[in-house]
Structures are given as structure tokens and as C-alpha cells.
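Here the structure is laid out as C-alpha cells; the discussion comes afterwards.
The values are calculated or read from the model by the stated rules, or taken from the named source; none is laboratory data. Please read these numbers as outputs of a predicted model, since none were measured by experiment. We place every Cβ from the backbone using ideal geometry, glycine too, and count neighbours over all the protein chains shown.
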Amino acid sequence: MMVNGKLDWYSPEHRGVLPLSRFHVSRRLQRVLRKGLFRTTVNQQFQSVITGCAARLGNTGNWIDQEIIDSYLRLHNAGFAHSIEVWHGNNLAGGLYGVSLRGAFFGESMFHNSTDASKVALCKLVDRLQHREYQLLDIQWLTSHLARFGAIEIPRQHYLGLLVNAMKSDCKFV
């Protein structure tokens with residue numbers, strides 16, 4: 001995390017991950033996906049996605065200030081930060097962004113303006129990671145929302161082992 005121009009590193013006792021092999025999509029969301037109400041793109045509107053995440057109501061998006069946005073835009077321009085955009089017609093309905101490094105994807109934030117749009121973004125992200133043989137989807141911390149998709153919390157030592165293994169892969173997000 002960047003604070004006053006200083007990069008701080010946090011290694012919590014427990015970390016949230018979404019094991020790609022355990023990903024679960026509810027029947028209702030499967031119907032939404034089959035209906036084709038949304039279309040998705042990759043890296044087409046990165047700045048709009050991170051801005052949408054920053055604008056979320058409550059304090060969940062408030063940590064994404066201009067310094068964070070600028071930092072992630074630089075990571076995006078360097079090919080490390082990526083976004084999944086979800087469209088309803090010509091309107092950006094939701095999306096997510098994160099950082100890809102070798103066989104790991106570090107999810108940062110997601111947002112939605114339309115019901116189910118962020119869930120669709122997560123489904124498309126997991127599908128992309130599975131097809132590209134990623135080893136790790138780091139979600140930072142477990143939420144009840146992500147637990148419904150199969151996310152779990154693991155101890156630091158287990159996480160570090162998964163991370164070491166993921167760094168042995170050479171996956172490409174795009």
C-alpha cells in the first residue's frame with residue numbers, strides 16, 4: 001500500500017484466495033451468463049474501471065485515491081495491471097482490476113452499476129485464469145460475497161507456498 005509516497009508491505013496472518021479449481025457459480029448467475037445480457041472486454045477501459053471502484057459508496061472504495069489510481073495506471077501501461085470490463089449495451093456496467101505476475105493474479109477491487117455486473121466480471125476473470133493455467137487468485141481478504149464463489153482464507157505460510165509455486169509459472173494475462 002502506498003502512503004505518502006512510501007510503499008508499505010503487509011503480510012497478514014491469513015490471506016483470502018479463490019482456488020480456481022473450487023470456483024462455484026450459482027444457478028441464478030449461470031442463467032444470467034446464458035442470457036447474454038452483458039458483454040465483457042479486457043483492458044479496454046482500465047481507467048474507467050479503477051475510477052468506478054474508487055467511486056463506490058461507503059468506505060470500501062475510499063482507499064483508492066488519486067495516488068493509487070496513478071500508480072495502477074503506470075502498472076497498466078507497463079503491462080502488469082489489467083481490467084475486465086462488463087458492458088450492458090454501450091454502458092460500463094461494472095468491472096474489476098488487479099495485477100498479474102507470472103502465475104498469480106492479485107485482485108484489487110471491483111464495482112458494479114448494474115446488478116450482477118461485478119459477478120460477471122469475476123466469472124470472466126476466473127475463466128481467463130483457468131484457461132491460461134494460473135496457479136493463484138489472491139483476493140486479499142475473505143468476504144461473505146466471495147465465499148459464495150468458493151473463496152477461502154488460508155494461513156500466511158500456506159499462502160507463501162502457493163505464491164512461490166505461482167512464481168514458477170510463466171502465464172500471460174493478455
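Considering each residue of segment 123-137, count those that are surrounded by fewer than 20 Cβ atoms within 10 Å (Cβ to Cβ) and closer than 14 Å to Arg15 by Cβ, and give that number.
0
On the basis of being among the small types (Gly, Ala, Ser), within 19 Å of Glu13 (Cα to Cα), within 14 Å of the chain's Cα centre (by Cα) and crowded, with 17+ Cβ neighbours inside 10 Å, does Ala151 make the cut?
In short, yes.
Would you confirm whether any residue within segment 61-79 is crowded, with 20+ Cβ neighbours inside 10 Å and either assigned to a strand (DSSP E or B) or at pLDDT below 95 (or both)?
Checked against the condition, which is being crowded, with 20+ Cβ neighbours inside 10 Å and either assigned to a strand (DSSP E or B) or at pLDDT below 95 (or both), segment 61-79 yields at least one hit.
Scan segment 59-86 and report the pairs whose first residue is over 14 Å from Phe111 (Cβ atoms) and whose second residue is part of a loop (DSSP other than H, G, I, E, B) and at pLDDT 95 or above, with Cβ atoms within less than 7 Å and a gap of 6+ or a chain change.
Matching pairs, first to second residue: His82/Asn43; His82/Phe173.
Looking at Asn165 and the list (1) more than 17 Å from Asn43 (Cβ to Cβ); (2) touching a Ser or Thr at 6+ places or on another chain (Cβ under 7 Å); (3) of a type outside the set (A, V, I, L, M, F, W, C), which single condition is not satisfied?
(2)
So for segment 44-52 (the condition being over 15 Å from the mean Cα position of the chain (by Cα) and either of a type in the set (Asp, Glu) or surrounded by fewer than 13 Cβ atoms within 10 Å (Cβ to Cβ) (or both)), does at least one residue qualify?
no
Across segment 85-116, which residue is nearest to the chain's Cα centre (by Cα) among those that are among the small types (Gly, Ala, Ser) and closer than 20 Å to Gly36 by Cα?
Taking the candidates together, the pick is Gly95.
For every residue, the table says whether it meets (1) without any contact (Cβ under 8 Å) to a residue 60 or more places away in the chain; (2) more than 22 Å from Glu13 (Cβ to Cβ); (3) of a type in the set (D, E, K, R); (4) touching a helix residue (DSSP H, G or I) at 6+ places or on another chain (Cβ under 7 Å).
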| position | (1), (2), (3), (4) |
| --- | --- |
| Leu92 | yes, yes, no, yes |
| Gly95 | yes, yes, no, yes |
| Ala121 | no, yes, no, no |
| Leu163 | yes, no, no, no |
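On the given criteria, is Phe173 more than 17 Å from Pro19 (Cβ to Cβ) and more than 12 Å from the chain's Cα centre (by Cα)?
The answer is yes for Phe173.
Please go through (1) surrounded by 13 or more Cβ atoms within 10 Å (Cβ to Cβ); (2) within 25 Å of Ala166 (Cβ to Cβ) for Leu37 and return the number of the only condition it doesn't satisfy.
Going through (1) surrounded by 13 or more Cβ atoms within 10 Å (Cβ to Cβ); (2) within 25 Å of Ala166 (Cβ to Cβ) one by one, Leu37 breaks only (2).
Of the residues Arg56, Arg27, which single one is modelled with pLDDT of 95 or more and over 22 Å from Leu129 (Cβ atoms)?
On inspection, the qualifying residue turns out to be Arg27.
Filter segment 29-56 down to the residues that are of a type in the set (Gly, Ala, Ser) and either in a helix (DSSP H, G or I) or in contact (Cβ under 8 Å) with a residue 24 or more places away in the chain (or both) and list them by number.
Ser48, Gly52, Ala54, Ala55 - these are the residues of segment 29-56 that are of a type in the set (Gly, Ala, Ser) and either in a helix (DSSP H, G or I) or in contact (Cβ under 8 Å) with a residue 24 or more places away in the chain (or both).
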